[in-house]
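Novice: Below is a structure I'd like to ask you about.
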Amino acid sequence: MAVHLRPTGDGPLWLDLDRPDDSDGAAEPTAYQCILADVLGGGSAYAVSADEAELAWQVFTPVLQEWADDTVAMQSYPAGSAGPR
């Protein structure tokens with residue numbers, strides 16, 4: 001499958017969503033290729049339902065609001081560590 005997009009820039013942009021055949025030694029598809037191929041093919045294996053998306057917003061909106069209001073301090077920690085103490 002290939003999708004031809006026509007951006008507003010200098011010419012066409014091709015997005016190759018073909019899944020390589022393991023026998024030809026080609027690289028594995030990227031996560032984005034898998035998601036886009038699934039969605040464009042009518043699948044939903046990598047998607048969430050509307051109910052799941054709504055629930056996620058209900059859970060994360062208050063957290064995002066607290067961060068935006070600067071009422072909860074963000075804790076930082078070194079990459080690769082066990083996390084904040």
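The values are calculated or read from the model by the stated rules, or taken from the named source; none is laboratory data. The structure presented is a predicted model; accordingly, all values stated were derived computationally and were not measured. Virtual Cβ from ideal backbone geometry, glycine too; neighbours counted across all protein chains shown.
Novice: All but one of (1) assigned to a helix (DSSP H, G or I); (2) of a type outside the set (Gly, Ala, Ser); (3) modelled with pLDDT of 80 or more hold for residue 33, so report the exception by its number.
Specialist: (3)
Novice: Which residues, taken from the range 28-50, are surrounded by 10 or more Cβ atoms within 10 Å (Cβ to Cβ) and on the phi > 0 side of the Ramachandran plot?
Specialist: Selection gives nothing.
Novice: Where the second residue is surrounded by 12 or more Cβ atoms within 10 Å (Cβ to Cβ) and the first is aliphatic (A, V, I, L, M) and lies in the range 35-54, which pairs have Cβ atoms under 6 Å and are six or more apart or on separate chains?
Specialist: Correct list of pairs: 35/46; 36/17; 37/17; 45/38.
Novice: In this structure, is residue 58 at pLDDT below 85 and of a type outside the set (A, V, I, L, M)? First the steps, then the outcome.
Specialist: Details: at pLDDT below 85: no; of a type outside the set (A, V, I, L, M): yes.
Answer is no for this residue.
Novice: So, in the range 51-85, how many residues would count as being among the hydrophobic types (A, V, I, L, M, F, W, C), assigned to a loop (DSSP other than H, G, I, E, B) and either surrounded by 10 or more Cβ atoms within 10 Å (Cβ to Cβ) or in contact with a Gly (Cβ under 9 Å, 6 or more places away or on another chain) (or both)?
Specialist: 1
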